[in-house]
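Worksheet: the structure to be examined is printed underneath.
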Amino acid sequence: MIFVDFDDVLFNTRKFKRDYLKVFLRHNVSREIFEKTYYADFAKEKSSALRCYDPWRQIERIAKETDIDKEKLKKDLFNFLHSASDYIFPDVKNFLEKLSKKNLILVSYGIGKFQKEKIKNSGIVDYFQKIYVTKKMKGEVIKNYLQKTKTKNKTEKIYFLDDRAEQIENVKKIVPKVETIFIYRLEGRFKNCSSECCDYAAKNLKEVEKIILNLKF
């Protein structure tokens, strides 16, 4: 069983965010206002060490400072999300095609509607038997899934791929039997993870293949 993160593991979020900004610039939203409202909207969840971005709340903040057409901007953002497949890393489909769908679970952190649209338009949905978009830390999500499915094969290896140290640490704490793989792509935004909470580290999915290749699906 393999639980996989979306942003920065399968999806080039850095490149996506750069082009995402351009949508706002086309609506005469300055970079200054974009960044001010973007970061101001990052509110820490009570149960999480991470922060969640909500584009719709950001637009409301921008509207208080500018005369933008909110509905037109929202429409253009949805149109932009239709190009999400352009941001999937080149090694992703080859990696997913080598694995069985019944053993692949996507667990993504983010705001529901926005994140679900990104994933839906990414072109990789059919590779996964289950997709979770959550504002919770992923340890609880994985624990609940494993308890619910009650996997009969007690010796089956379970892997978790993520680029965030906080998520890896949380999964390792809550479900210790899960083998964690820290992904530190060159294009990624996060590079550090302590050896105490990650069992492996890989800079791309080709390296992940070498780690899990002995799994029998």
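Below, the figures for the structure above:
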read-out: Candidates GLU117, GLU140, GLU97 - the one that is acidic (Asp, Glu) and under 13 Å from the mean Cα position of the chain (by Cα); value: GLU117
read-out: Among (1) open to solvent by less than 30 Å² (accessible area, probe 1.4 Å); (2) assigned to a helix (DSSP H, G or I), the one test that LYS93 misses; value: (1)
read-out: Matching option when the condition is assigned to a helix (DSSP H, G or I) and surrounded by 14 or more Cβ atoms within 10 Å (Cβ to Cβ), among ILE62, ILE105, ILE68; value: ILE62
read-out: Lone unmet requirement of (1) in contact with a strand residue (DSSP E or B) (Cβ under 6 Å, 6 or more places away or on another chain); (2) aliphatic (A, V, I, L, M); (3) open to solvent by less than 20 Å² (accessible area, probe 1.4 Å) for ILE158; value: (1)
read-out: Counted residues, segment 108-151 - those being open to solvent by 70 Å² or more (accessible area, probe 1.4 Å) and either within 12 Å of ILE2 (Cβ to Cβ) or in a strand (DSSP E or B) (or both); value: 2
read-out: Test set (1) over 30 Å from MET1 (Cα atoms); (2) open to solvent by less than 40 Å² (accessible area, probe 1.4 Å) - ASP76 fails condition number; value: (2)
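The values are calculated or read from the model by the stated rules, or taken from the named source; none is laboratory data. A quick note: this is a predicted structure, and the numbers were derived from the prediction, not measured. Note: ideal-geometry Cβ built from the backbone for every residue, glycine included; neighbour counts use all protein chains shown. Each accessible area value is taken on the protein alone, full model and side chains, heavy atoms only, with ligands, DNA and RNA left out. Shrake-Rupley method; radii C 1.70, N 1.55, O 1.52, S 1.80 Å.
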